[in-house]
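Structure first, then comments.
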Amino acid sequence: MTNCLLNLKVVASSQMLGRKKVFIVLDDVDTSEQLENLIEDFDFLGLGSRVIVTTRNKQIFSQVDKIYKVKELSIHHSLKLFCLSVFREKQPKHGYEDLSRSAISYCKGIPLALKVLGASLRSRSKQAWECELRKLQKFPNMEIHNVLKLSYDGLDYSQKEIFLDIACFLRGKQRDHVTSILEAFDFPAASGIEVLLDKALITISGGIQIEMHDLIQEMGWKIVHQEHIKDPGRRSRLWKHEEVHDVLKYNKGTEVVEGVILDLSKLTEDLYLSFDFLAKMTNVRFLKIHSWSKFTIFNVYLPNGLDSLSYKLRYLHWDGFCLESLPSRFCAEQLVELCMHCSKLKKLWDGVQNLVNLKTIDLWGSRDLVEIPDLSKAEKLESVSLCYCESLCQLQVHSKSLGVLNLYGCSSLREFLVTSEELTELNLAFTAICALPSSIWQKRKLRSLYLRGCHNLNKLSDEPRFCGSYKHSITTLASNVKRLPVNIENLSMMTMIWLDDCRKLVSLPELPLFLEKLSACNCTSLDTKITQQQVLQHMLQSRIPYLRKHYLKCYDEEYFFPGDHVIDECRFHTTQNSITIPYLQKPELCGFIYCIILSMGPLLECDVSCSVYQDGIRVGWLERLLEYENLISDHVVILYHDISEFDKISEVHDHFFSNITFIFENNEDRITEFGVFPVYASESGLKLVGSKEIFE
């Protein structure tokens, strides 16, 4: 049923369709009103009736029981459909095999494109095929373009702008980041993205990335290209490398241009620009000069400096920026995101800017940077990253809203102060700090603190007063620290602690209740037996009881530290790859704690697994991927395997399980010994079989 017919008022009365078994197909429905006009009440239809509706707009299906999203055709089915269209048979004609594969590669599984392209190539010579396929690399097939453009034509102004920004600049980026950028342009990003999803103009890949079909992106490019076919400088968006290079080098930009993206890795020589190359582009809101490659040979240079930047600029990303500061005339009031990796900046600007919209500063690898400006007026500032700013000696950040401060690799940084009460993550790894301000421990929202490689830091604090929740916290400590604060257990919400390479660390305090991962790789001063006993005690008396009480799974328990043997109190241990327990009492069995010894050496991707069998039938399986650069000694890894994660073990006997076999394997053959501790519940709490004397 065509769209024209759908726009007619057709009422499915009881006289027409009442109680009849019918099969109705409504094709290309645009609005819910069209559907209601045709069939006002589905209850009039007879038993067994079927109504199939196709649409470009998912929103009209708000009250439909089942929605099927049409998927792209596979390569096999694409080839079959294409060949039926062009050859009237299911396989390519002899000599056309490679050309046919090139054609279906262009169509990317869209049936319409396969049929249209096939029809256009029917009965044409090989030379004509080759010419047409080369043409498609530069110019889209207009019949396909016009059909795909129908969905675009149904958008309002802001939705069209959002679509074109994604097609030209933002495809493949994370949804949250895209939303933030689009909101910076004063677009209704959240609702606009939902509309594009409903109209199948974009998709969400992996739950986070915004993607779109190649032909739909090509359609968006064509729309921008048609703004001015011959003069790229009079188009709203510039992304094609050759055109961007030409517009910037020869100063051909105009006030029409709103966005520019240049990939430095595509340069074949250094690009020298005039000081006023942006002067005519007064409406630029998006400027990105970057490199997809880590290694770029050529760069953009400004031998006479830079006059200014558009006052409408919201997003500025300029890798390898060659000047020592941004232009003095630059007004950053509208700026939302500033990203300048590996720049030659010594400072951003002079004086105080009214940074009322700024959310992100990222100056990664700006090794000459010696200061950052006053950020006190940046009321929306969320993140500052100064990684590898190696000339930065001191830093003061006063911002009420700052959530993330990353100073990783600021090797000259000795003093810092941050006053934000919203701080959730602070990375001071590989800095030269000698002490932590006591105020750090008062940050109530601080969740993550990284201090790895702080060789001048000998202690955290004498008696830190922990006020933070440290929920889901990761704490990496300096290698010279000998002890953790004794009251670290008060950080009950802390879930992970990394202590790697703290070779002077001699003991662990009582561990926080929610701790599920402990990494003490190469902490060679720890006593193996005491640490094993302490971790087992933490699991038995705190962690596992809490998980069982709240019916939580124990998938992530992992404790890693130096050690070359399983403690003697373990009854079931072996240096072979398997061990069988003849019988286990059934009542109150909670699970098993595994204690595994791994040999020294590199441990880049060590896959450790345990398979559990009863009478030759696998009933349980556990796997962990361990990644550490290098173990300077043998290490212990302790895991927990809850009985609830097992398939039902045979209950031949009422009071015990028989012949339970544990087989431990890993891809690098690094396991030298392992032990199994059956965990039982009792009136006094949990206990280990054969290890009662350790804890009672």
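Descriptive notes on the structure:
- Between the helical axis of 75-86 and the longest alpha-carbon principal axis of the chain there is an angle of about 10 degrees.
- Per-residue Cβ neighbour rank within 10 angstrom, fewest leading, Val86, Val619: Val619, Val86
- Taking amide H as placed 1.01 Å from N in the peptide plane, Val29 has its amide H under 5 Å from the amide H of Thr54, Thr55, Arg56, each at least 5 places away in sequence or on another chain.
- A simple spin-label model places the labels of Asn667 and His228 5.4 nm from each other, with each point 7 Å out along Cα-to-Cβ.
- Cα centroid separation - the range 485-521 against the range 623-644, whole Å: 16
- When each of Thr574, Thr268, Thr531 is scored by the number of other beta-carbon atoms lying within 10 Å, the sequence from fewest to most is Thr268, Thr574, Thr531.
- Here the relative contact order of the range 75-138, from alpha carbon pairs under 8 Å that lie six or more residues apart, stands at 36 percent.
- On Cα atoms only, tilt of 111-121 relative to the major axis of the chain in degrees: 50
- Between 0 and 90°, nearest 10: helix 214-225 axis offset from the chain longest Cα axis: 50
- Shown for His635, His455: other C-beta atoms within 10 Å of each C-beta, ranked fewest to most, produce the order His455, His635.
- All other residues whose Cβ lies under 11 angstrom from that of Phe430 are scored, Lys and Arg at +1 and Asp and Glu at -1, for a net of 0.
- Among the listed pairs Lys135/Lys280; Lys347/Lys443; Lys288/Lys347, those beyond 31 Å (Cα-Cα): Lys135/Lys280
- Measuring gaps between exposed loop sites in the chain (chymotrypsin sites (Phe, Trp or Tyr not before Pro); DSSP loop; at most 11 other Cβ atoms within 10 Å), the longest gap, sites not included, is 296-550.
Only the coordinates and a few stated rules stand behind these numbers; no lab work does. Please read all numbers here as calculations on a predicted model, not as lab measurements. Neighbour counts run over all protein chains shown; Cβ positions are idealised from the backbone, glycine included.
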